[in-house]
Amino acid sequence: VGGGFIGVEIAEQIKLSGKEVVLVEVAEKCLWTAFDEEFSSEVETLMTDMGIVLRTGRKVMEFVGDGKVEALLLDNGEKIPADLVILGMGARPNTDLAESMGIELNKRKAIVVDEYMRTSDKNTFAVGDCAEKKCFFTRNSVPILLASTAAAEAKIAGSNAFHLRLIKSNKGTISAFATKIEGRSFGAAGLTERQAKAEGFEIMTGSFSTMDKHPGSLPGSQKINIKLVFSKCSGVIMGGQISGGDSVGEMVNVLSLAIQKAATSTELNAFQVATHPLLTASPVAYPINAAAMDMCSKKCAHLNEDLEI
């Protein structure tokens with residue numbers, strides 16, 4: 001139960017062990033908090049192709065059984081037989097200790113922290129899943145529970161434990177994700193197109209597809225799909241999503257840094273990269289460069305009308 005990263009990854013591994021698997025997700029798509037529809041659909045296709053049964057847009061109403069689960073009853077009346085049910089619906093922070101100390105908590109019971117990871121008691125720091133996360137762009141509280149985020153927060157807390165050092169502060173959570181399903185890698189950082197629009201941002205997107213080696217006929221080559229989200233006015237990158245081979249993991253980390261540094265579409269279009277036929281896409285079709293160029297071409301399309309060629 002749950003179509004986030006935990007649910008999807010566990011479902012894949014159980015299916016690989018030869019068991020029958022049904023995944024139930026209340027949202028219309030799996031991984032909907034990290035990806036737009038085209039990438040979520042790609043994940044779902046891989047899952048159904050390997051035999052995982054998906055029930056998206058459905059709620060579990062009841063666990064049926066006497067002393068042991070025998071079935072799940074969904075909101076549409078469907079009854080799914082089950083020998084085992086695994087709940088992968090996220091987690092709530094265990095902050096009983098902080099609450100007993102009088103430390104301020106938010107509505108989700110996460111510990112409220114400032115940009116130096118200090119709690120309401122300035123001599124107490126909090127990091128990791130128990131600490132509140134705020135979106136890099138909106139400063140709204142977001143339920144992001146990641147080891148990579150916790151590691152970054154720990155470095156900030158450690159740097160500021162004895163006195164504040166402005167060189168390290170938390171400006172917000174980028175929400176950088178990576179996973180691998182059926183040999184294909186997926187990564188995302190920042191806001192999706194759907195999330196950005198829901199927050200009221202005026203945005204433009206750039207997309208590109210290519211092979212991750214050049215030429216693409218080389219053994220082991222995989223197709224890379226990339227989508228970048230930019231502010232329409234400033235051209236600053238706000239998010240990105242990628243699917244492809246193993247290079248996706250580090251490419252998403254590049255996007256995370258680009259977001260932190262407020263890189264623009266023109267900067268990403270022209271930033272210099274190392275390429276090699278066996279390791280990367282072609283230098284004239286490097287995915288981040290090319291997707292940024294796609295956005296630039298859309299933004300400057302009106303200029304072409306004034307050109308005399």
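For the chain, set up a Gaussian network in which alpha carbons nearer than 10 Å are linked by springs, and say which option among Asp96, Asp49, Asp83 fluctuates the most.
Highest fluctuation among the options: Asp83.
Ranked by Cβ crowding within 10 angstrom, fewest neighbours first, how are Cys135, Cys300 ordered?
Ranking Cys135, Cys300 by Cβ neighbours within 10 Å, fewest first, gives Cys300, Cys135.
So how strong a dipole does the chain carry about its Cα centre when Lys and Arg Cβ are +1 and Asp and Glu Cβ are -1, to the nearest 20 debye?
Numbers: 32 positive and 38 negative charges, 164 e Å.
Around 780 debye, computed over the chain.
Just name one of Gly77, Gly245, Pro143: the one whose Cα is farthest towards the positive end of the charge dipole of the chain (beta-carbon charges, Lys/Arg +1, Asp/Glu -1).
Positive-most Cα among the choices belongs to Pro143.
When the distances between all Cα atoms of the stretch 53-146 are binned every 5 Å from zero, what whole-number percent does each bin get?
The calculated distribution, bin by bin, is 3, 11, 18, 15, 9, 9, 11, 12, 8, 4, 0.
Tell me, Cys233, Cys296 in order of fewest to most beta-carbon neighbours within 10 Å? Walk me through the numbers before you get to the answer.
Values: Cys233 10, Cys296 20.
Exposure proxy ranking, most exposed first: Cys233, Cys296.
Relative to the present Cα-Cα distance, how much length would full extension add between Ile14 and Asn253 at 0.36 nm per residue of separation?
Numbers: separation 239, 0.36 × 239 = 86.04 nm, distance 2.88 nm.
Gain in length upon complete extension: 83.2 nm.
Under 18 Å from a point placed 7 Å out from the Cα of Arg108 along the Cα-to-Cβ direction: which residues of the stretch 161-205 have their backbone N that close?
Flagged as within label range: 170-178, 188-192, 195-196, 198-199.
So how strong a dipole does the stretch 92-173 carry about its Cα centre when Lys and Arg Cβ are +1 and Asp and Glu Cβ are -1, to the nearest 20 debye? Could you put the intermediate results ahead of the total?
Numbers: 13 positive and 9 negative charges, 62 e Å.
That gives the stretch 92-173 a dipole magnitude of about 300 debye.
Find, among the GluC sites (Glu not before Pro) in the stretch 1-35, those assigned to loop by DSSP (not H, G, I, E, B) with at most 15 other beta-carbon atoms within 10 angstrom. Walk me through the numbers on the way to the answer.
Numbers: sites: Glu9, Glu12, Glu20, Glu25, Glu28; in loops: Glu20, Glu28.
Answer in residue order: Glu20, Glu28.
Kindly provide the helix-only [θ] at 222 nm of the chain, computed as the sum of -39,500 (n - 2.57) over DSSP H runs of four or more divided by all residues, to the nearest 500 deg cm²/dmol? Before the final figure, lay out each step's value.
On the way: 9 runs with 86 residues, N = 309.
That calculation yields -8000 deg cm²/dmol at 222 nm.
For the stretch 1-75, what's the radius of gyration and Dmax over Cα atoms, in angstrom?
12.7, 41
Report the one residue of Tyr116, Cys300, Ala34 whose Cα lies farthest in the direction of the positive end of the charge dipole of the chain (charges on C-beta: Lys and Arg +1, Asp and Glu -1; origin at the Cα centre).
Tyr116
For semi-axes √(5λ) of the Cα gyration tensor in Å, one of (i) 27, 23, 20; (ii) 34, 30, 18; (iii) 37, 22, 19 was computed from the structure I shared and the rest are decoys. Which label?
Label of the calculated value: (ii).
Just grab the label-to-label distance for Met101 and Asn140, each label 7 Å out from Cα along the Cβ direction, in nm (one decimal).
Label-label distance for Met101 and Asn140, simple model: 3.0 nm.
What nm distance separates the two modelled labels at Asp75 and Asp121, each placed 7 Å from Cα along Cα→Cβ?
The two pseudo-label positions are separated by 4.1 nm.
Return Thr138, Thr119 ranked ascending by Cβ neighbour count within 10 Å, so the fewest neighbours appear first. Could you put the intermediate results ahead of the total?
On the way: Thr138 15, Thr119 20.
Lowest to highest Cβ neighbour count: Thr138, Thr119.
Met89 to Ser282: extension gain in nm, 0.36 nm per residue of separation minus the Cα-Cα distance?
This chain segment gains 65.5 nm when fully extended.
Just going by the charge dipole of the chain, with Lys and Arg at +1 and Asp and Glu at -1 on Cβ, which of Ser265, Ala11, Thr95 is farthest out on the positive end?
Among Ser265, Ala11, Thr95, the one farthest towards the positive end of the dipole of the chain is Thr95.
Using 0.36 nm per residue, how much length does the chain from Ser234 to Glu202 gain when fully extended, once their Cα-Cα distance is taken away?
Numbers: separation 32, 0.36 × 32 = 11.52 nm, distance 1.01 nm.
Taking Ser234 through Glu202 to full extension adds about 10.5 nm, to one decimal.
Could you rank the peptides 221-231, 85-95, 168-178 by their average count of other C-beta atoms within 10 Å per residue, with the highest value first? Don't skip to the answer; put the middle values down first.
Working: 221-231: 22.4, 85-95: 14.6, 168-178: 19.4.
Listed from highest to lowest mean packing, they are 221-231, 168-178, 85-95.
So, in nm, how far is label Phe271 from label Leu164 when the simple model puts each one 7 Å beyond its Cα toward the Cβ?
2.9 nm
Only the coordinates and a few stated rules stand behind these numbers; no lab work does. Everything numeric in this text was worked out from a predicted model, so none of it was measured. For neighbour counting, all protein chains shown are included, and Cβ atoms are generated from backbone atoms with ideal geometry for every residue, glycine included.
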